[in-house]
Structures are given as C-alpha cells and as structure tokens.
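Here is the structure we will look at, set down as structure tokens.
The values are calculated or read from the model by the stated rules, or taken from the named source; none is laboratory data. Because the structure is a prediction, the values reported are computed rather than measured. Heads up, the Cβs are rebuilt from the backbone with ideal geometry, glycines too, and the neighbour counts pull from every protein chain shown. For the accessible areas, the whole protein counts, side chains as well, though only heavy atoms, and no ligand, DNA or RNA atoms are used. Shrake-Rupley method; radii C 1.70, N 1.55, O 1.52, S 1.80 Å.
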Amino acid sequence: EGDLRNMLIPAGVFHPNFFVFTYNPTAEAEARRQKEIAEAEARRKKEMKKSLEKNYRCCCQEFDGKCLWYPSKVLKSGPHCPRLLERGELPRCAKNSCGLFGGKTCTETHHGPGMCKYSMDEKYHF
C-alpha cells in the first residue's frame, strides 16, 4: 500500500523482526519540485546570458562609469563601443565618432566585460 521504496540498511544495524524509520513523501516531493524550479531558472539565466552576449555589448560610459548593454545596431564596426552625444533635454544618442572637435558633449564608452548586470530589464540597457 502506498509508495514502495527500497531501503539500504546501514552496516552494523541489526533488526531481529522489524525496524522503524520516518519517511515524509510530501517533503520529498517538495524538495524535488524545488530542485526542478532551480534547474529551470538556471537554464533560463544561461540562455539570457547567451542571448545578451550574442546581441549586445557591455559598454561603460566615460563620464560616470555606468555600464549598460548596447544593442549591436548602435555599436561601431568591429564591434566597438559607441560614442555618446549629449543633446540637452533629449536622451543621449550613440554615434560612431564625435569628429575632430567633439567637445564636452561627446564622450566615449569602453567595453566592460563582466561589468553589466545580466538582465533584460530596460534600466540595464541603452
């Protein structure tokens, strides 16, 4: 009746007719479920990391050191991290170069392997 299991009796344990042990199938099922959840999450994170590294580049801003994921379409050829152009009230834009006299409004970004948080959250992306 119920769930049948084979049990190994430890060496040195003697049992003339019977022995008693505690088994909680609910706890075992929950432990198995938690393990499956953890394995699925690990697979998801691995796939996300692979996707980020394939389609983005981690670049750190020169002016504040903040590192973000930049999509391939805004990278310089190579691929290299882009320059950022300040545009007053408008968001910064990515450029290939700042020209000879880029001035203070155009700053560099530098590749920062391992510096970006592996996340698809937009706050970690340019």
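Residues whose amide H comes within less than 5 Å of that of residue 112, counting only those at least five positions distant or on another chain, are 58, 59, 60 (H built at 1.01 Å from N in the peptide plane). Amide hydrogen proximity for residue 86: with H placed 1.01 Å from N in the peptide plane, the residues at 5 or more positions away or on another chain lying under 5 Å are 106, 107.
By the rule of a second cysteine Cβ within less than 4.7 angstrom, the chain holds isolated cysteines at 93.
Ordered from largest to smallest accessible area (heavy atoms of protein chains, 1.4 Å probe), the residues 76, 66, 54, 95 come out as 54, 66, 95, 76. Overall, the accessible surface of the stretch 58-126 at a probe of 1.4 angstrom is composed of carbon and sulfur to the extent of 54 percent.
Here the calculated FRET efficiency for residue 22 and residue 50, from their Cβ-Cβ distance with R0 = 41 Å, stands at 0.40, rounded to the nearest 0.05.
Report, in listed order, any pair from 54/117; 49/123; 49/95 with a Cα-Cα distance greater than 23 Å.
In this structure, 49/95 exceed 23 Å between Cα atoms.
Fully extending the segment from residue 98 to residue 11, taken as 0.36 nm per residue of separation minus the present Cα-Cα distance, adds 23.7 nm.
Taking all protein chains together and a probe of 1.4 Å, list 80, 125 from the most accessible to the least accessible. Please list the in-between numbers first.
Values: 80 100, 125 35 Å².
The most accessible residue leads, giving 80, 125.
The C-alpha atoms of the chain define a longest principal axis, and helix 25-55 lies at about 20 degrees to it. With a 1.4 Å probe rolled over the protein heavy atoms of all chains, the accessible area of 75, 52, 8, 90 falls in the order 8, 90, 75, 52, largest first.
Annotation: average projected area of the chain is 14.8 square nanometres, based on the convex hull of Cα atoms across all directions. Between residue 86 and residue 111, what FRET efficiency follows from the Cβ-Cβ distance if R0 is 25 Å, with the result rounded to 0.05? The value I calculate is 0.75.
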